[in-house]
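Colleague: One structure is given below, represented as structure tokens, and several questions about it will come after.
The values are calculated or read from the model by the stated rules, or taken from the named source; none is laboratory data. None of the values given here were measured: they were computed from a predicted structure. Reconstructed Cβ throughout: ideal geometry from the backbone, glycine too, with neighbour counts over all protein chains shown. Quick note on the areas: whole protein, heavy atoms, side chains included, nothing else; ligands and nucleic acids left out. Shrake-Rupley method; radii C 1.70, N 1.55, O 1.52, S 1.80 Å.
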Amino acid sequence: MTGERVLYGVAASPGIGFGHALVYKEKPMGSLEREVADPKLELERYHNAVETFCRVTRIKADRVSEMAGKDQGDIIRCQIAMIQDPYMSGQVEGRIAMGQSAEAALSASCDLFIDIFTAAEDELTRQRAADVRDLRGSMLRLLLGLPEVDFSALQPGTVLLAEELSPSAVSVLNSANVAGIVLGKGGPTSHSAILARALEIPAVLGVEGRVLDTSTGETVIVDGNRGCAVFSPSPEMRTVYENRQKDFQQLRASLRVFVGQETRTGEGERIQLEANAGSVMDANRAAGYGCDGIGLLRTEFLYLDRTSQPGEEEQFHAYRQILAAMRGKRVTIRTLDVGGDKNLPYLGQIKEDNPFLGCRGIRFSLREEDMFRLHLRAMLRASAYGKAQLLLPMVSDVEEVRQARAILEEEKDSLRRRNIPFDEDLPLGVMVETVSACLMADAFAKVADFFSVGTNDLTQYVLGVDRGNARVAQLYSYFHPAVLRMIRHVLHSGQETGTQVSICGEAAADTALTPLLLSFGLKRFSVAPVALLPVRKAISLWTREEAQAVTQEAMSMETEEEVRQFLLQHEKK
Ligand code: PEP
Ligand code: MG
């Protein structure tokens, strides 16, 4: 195909890359079925392949750890655990014993896992299917004696196009040679996307349209900021993108100055800037940018991608590891927030017509008390190894906090009796993310030690707009004056009652809102690790007087559109 065309997808790794297309098409492997004379020998062949796979994968993982960090290496390393998983081995070995070839047995067993993951409701688990496909491909190549495709030595200025690219393929890419990645499948939470970000290779994933209808050698611009790829760009488009690339590089460089710095306003007032984390990897990344702690640890990560709930020991070790990564800085651990769009098959959650208004967060925990107690015990025990505080999600009534606190006190008693150490003064806070928690903030201040405003949910509950429904996505906006008045109300209520308030929803990370949040009196922001530097910079650009002037005008407006346009015009970056 010739002539300029643009394909759109998901912005999975930021940056702008110029290069020449290299189209990668996976070759079909042919039939995997064949006559097996001796299942015992076949089993031996399989075990030899597993051994080689583990050895090669370990080398790859160590290389990634060295280049991009241990957590990124673990993404590759998890395939070793998968192939050695007793359920997986049992499946493959059982099929071989029944007379199947090792290739057919492995492929069928992998399909089983791929089907389970693909059917999951949450995006993260669905993305794990790609890891199993990756493992299957590598194992089959070993068993069939086919060579691995070598992605490590591509020509400088290569833009890699494929339907899907496995995490192990991305892990060997050299960012000096690969200008960008464009894939038909995958999303921002896929392991390939995480690795592309770690390697700083611009990437667009989940591209609608036919990625593979491209000629190798065609010029491509990958826009990992906006989530699109431009093929055979016109000279005008090239100039636009050359300028955007320059701006992006300047912005990246200007943000580097803020790594490890304290967060202060234009006048030098100290502001706490914490990070949201959904994994140990996030906590490590946040520590790398420098932050005042973890303002929101989403504990759901421990419960995903598995067939039974994590035990007390496993949870304890994970929380302790994150507390250690923060080296004495505070970690706000949120109790399990399932329900809504997060359903875990093994928890026996009942399908609800309106799950976002259903048995979510604290409501679920109070129903499943044994599970909640185990969860709290793990957090309490971890609290002896750093500075922790606990946070309850989806609270709508003061009574829920009283009940949760009573259970917490009982678990503290039981630990005390067994001489197991924990932090006696562990604070317990509530997420302000329902309208009732917001309006009743003065009452909640009597039972909670602190507030954390979850603007992602607050926005949907205030506006009556489902946060995950694309048909009403244009109505979902924290720039709406009603949402802003709610946020202001919680902050003022916090000041009146002497309760610490932080904001951990996405609104805290939007630098167009920084002057408003500062003027409302916000002293604690909690944002995704990638937003730490932009927000630190934005805060440094505002003085109280300037922020107040902008806030006064914005808060006198009546529509979302007016406020958004006005704030975007006045945004400082
Ligand atoms: C929120 O609702 O703003 C929030 C931070 O929590 P989550 O996005 O996990 O629901
Ligand atoms: Mg929420």
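Colleague: Could you tell me whether any residue of region 219-230 is under 10 Å from Ala11 (Cβ atoms) and of a type in the set (Lys, Arg)?
Modeller: yes
Colleague: Only residues that are over 21 Å from the mean Cα position of the chain (by Cα) and among the aliphatic types (A, V, I, L, M): list them for region 321-379, please. Steps first, answer last, please.
Modeller: Of the residues in region 321-379, the ones over 21 Å from the mean Cα position of the chain (by Cα) are 327-329, 346-355, 357-359, 362-379.
Residues satisfying the conditions are Leu347, Ile350, Leu357, Ile362, Leu366, Met371, Leu374, Leu376, Ala378, Met379.
Colleague: If a residue has to be part of a loop (DSSP other than H, G, I, E, B) and within 15 Å of ligand 1 (Cβ to nearest atom) to count, how many in region 450-468 make the cut? Outline the logic, then answer.
Modeller: Quick first cut of region 450-468, residues part of a loop (DSSP other than H, G, I, E, B) only: 454, 464-468.
Okay, now just the ones that are also within 15 Å of ligand 1 (Cβ to nearest atom), so 454, 465-468.
The qualifying residues number 5.
Colleague: Tell me whether region 299-310 contains one or more residues that are within 23 Å of Cys78 (Cα to Cα), open to solvent by 20 Å² or more (accessible area, probe 1.4 Å), within 16 Å of ligand 1 (Cβ to nearest atom) and modelled with pLDDT under 90.
Modeller: Residues of region 299-310 within 23 Å of Cys78 (Cα to Cα): 299-310.
Narrowing the set further to residues that are open to solvent by 20 Å² or more (accessible area, probe 1.4 Å) leaves 301, 304-309.
Checking which are within 16 Å of ligand 1 (Cβ to nearest atom) leaves us with 301, 304.
Now narrow it down to the ones that are modelled with pLDDT under 90: 301, 304.
Within region 299-310, one or more residues are within 23 Å of Cys78 (Cα to Cα), open to solvent by 20 Å² or more (accessible area, probe 1.4 Å), within 16 Å of ligand 1 (Cβ to nearest atom) and modelled with pLDDT under 90.
Colleague: If Phe450 satisfies all but one of (1) touching a Ser or Thr at 6+ places or on another chain (Cβ under 7 Å); (2) open to solvent by 20 Å² or more (accessible area, probe 1.4 Å), what's the number of the condition it fails?
Modeller: Phe450 satisfies all of (1) touching a Ser or Thr at 6+ places or on another chain (Cβ under 7 Å); (2) open to solvent by 20 Å² or more (accessible area, probe 1.4 Å) except (2).
Colleague: Now for a separate question. Given the criterion modelled with pLDDT of 95 or more and basic (Lys, Arg), identify the matching residue among Arg467, Arg524.
Modeller: The unique qualifying residue is Arg524.
Colleague: Can I ask one more? Any residue at all in region 426-433 that is part of a loop (DSSP other than H, G, I, E, B) and not hydrophobic (A, V, I, L, M, F, W, C)? So that I can check it myself, show each step before the final result.
Modeller: If we filter region 426-433 for residues that are part of a loop (DSSP other than H, G, I, E, B), which is where we start, we get 426-427, 433.
Now restrict to residues that are not hydrophobic (A, V, I, L, M, F, W, C): 427, 433.
Yes, because at least one residue in region 426-433 is part of a loop (DSSP other than H, G, I, E, B) and not hydrophobic (A, V, I, L, M, F, W, C).
Colleague: Give the residues of region 384-441 that are touching a Pro at 6+ places or on another chain (Cβ under 7 Å) and surrounded by fewer than 18 Cβ atoms within 10 Å (Cβ to Cβ), sorted by residue number.
Modeller: The answer is Ala384, and nothing else.
Colleague: Give me a count of the residues in region 410-469 that are more than 20 Å from Lys342 (Cβ to Cβ), free of Cβ contacts under 8 Å to residues at least 40 places away in the same chain and within 15 Å of ligand 2 (Cβ to nearest atom).
Modeller: 2
Colleague: Consider only pairs whose beta carbons are under 9 Å apart and that are at least six residues apart or on different chains; among these, list those whose first residue lies in region 244-257 and is in contact (Cβ under 8 Å) with a residue 12 or more places away in the chain and whose second residue is surrounded by 12 or more Cβ atoms within 10 Å (Cβ to Cβ) and of a type in the set (S, T, N, Q).
Modeller: Arg244/Asn225; Phe248/Asn225
Okay, residues lined up against (1) farther than 30 Å from Val159 by Cα; (2) out of contact with any strand residue (DSSP E or B) (no Cβ under 6 Å at 6 or more places or on another chain):
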| site | (1), (2) |
| --- | --- |
| Glu4 | no, yes |
| Leu22 | no, no |
| Arg34 | yes, yes |
| Leu43 | yes, yes |
| His47 | yes, yes |
| Met67 | no, yes |
| Gln72 | no, yes |
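Colleague: Looking at Leu541, is it open to solvent by 10 Å² or more (accessible area, probe 1.4 Å), closer than 19 Å to Gly290 by Cα and of a type in the set (A, V, I, L, M, F, W, C)? Working first, answer last.
Modeller: Numbers: open to solvent by 10 Å² or more (accessible area, probe 1.4 Å): yes; closer than 19 Å to Gly290 by Cα: yes; of a type in the set (A, V, I, L, M, F, W, C): yes.
When the stated conditions are applied, Leu541 passes them.
Colleague: Wholly within region 1-73, which strands (runs of 3 or more DSSP E) include no fewer than the required count, namely at least 3 residues that are at pLDDT 90 or above? Outline the logic, then answer.
Modeller: Details: elements: 5-8, 10-13, 16-24.
Filter on region 1-73 gives 5-8, 16-24.
Colleague: So, one more: Leu522 versus (1) open to solvent by less than 10 Å² (accessible area, probe 1.4 Å); (2) within 16 Å of ligand 2 (Cβ to nearest atom): which is the lone unmet condition?
Modeller: Leu522 satisfies every listed condition except (2).
Colleague: So which of Val92, Val149 ends up being in contact (Cβ under 8 Å) with a residue 60 or more places away in the chain and farther than 22 Å from Val280 by Cβ?
Modeller: Working: Val92 fails: in contact (Cβ under 8 Å) with a residue 60 or more places away in the chain.
After applying the criteria, what remains is Val149.
Colleague: Next question. Pairs under 9 Å by beta carbon, first residue under 15 Å from Arg298 (Cα atoms) and within 11 Å of ligand 2 (Cβ to nearest atom) in region 335-353, partner among the charged types (D, E, K, R) and open to solvent by 60 Å² or more (accessible area, probe 1.4 Å), six or more apart or different chains?
Modeller: From region 335-353, the pairs are Asp337/Arg298; Gly339/Glu352; Gly339/Arg363; Gly340/Arg467; Asp341/Glu121; Asp341/Glu123; Asp341/Arg467; Lys342/Glu121.
Colleague: Something else about it: Identify, from the list Val149, Val159, Val178, Val220, the residue that is surrounded by fewer than 19 Cβ atoms within 10 Å (Cβ to Cβ) and farther than 30 Å from Gly468 by Cβ.
Modeller: Val149
Colleague: Identify the single condition in (1) in contact (Cβ under 8 Å) with a residue 60 or more places away in the chain; (2) in a helix (DSSP H, G or I); (3) farther than 22 Å from Ser192 by Cβ that Tyr87 does not satisfy, given that it satisfies every other one.
Modeller: Going through the list (1) in contact (Cβ under 8 Å) with a residue 60 or more places away in the chain; (2) in a helix (DSSP H, G or I); (3) farther than 22 Å from Ser192 by Cβ, Tyr87 breaks only (1).
Colleague: Select from region 355-394 the residues that are farther than 25 Å from Val501 by Cα and within 16 Å of ligand 2 (Cβ to nearest atom) and list them in ascending order.
Modeller: Pro355, Gly358, Cys359
Colleague: Do you know which residues across region 405-428 are among the β-branched types (Val, Ile, Thr) and closer than 16 Å to Thr332 by Cβ? Spell out how you get there, then give the answer.
Modeller: Initially, region 405-428 is screened for residues among the β-branched types (Val, Ile, Thr), giving 407, 420.
Residues satisfying the conditions do not exist here.
Colleague: With in the same structural domain as Phe316 (by TED's automatic domain parsing) and either β-branched (Val, Ile, Thr) or within 16 Å of ligand 1 (Cβ to nearest atom) (or both) as the only criterion, which of Met394, Met440 stands out?
Modeller: Details: Met440 fails: either β-branched (Val, Ile, Thr) or within 16 Å of ligand 1 (Cβ to nearest atom) (or both).
Going through Met394, Met440 in turn, just one is in the same structural domain as Phe316 (by TED's automatic domain parsing) and either β-branched (Val, Ile, Thr) or within 16 Å of ligand 1 (Cβ to nearest atom) (or both): Met394.
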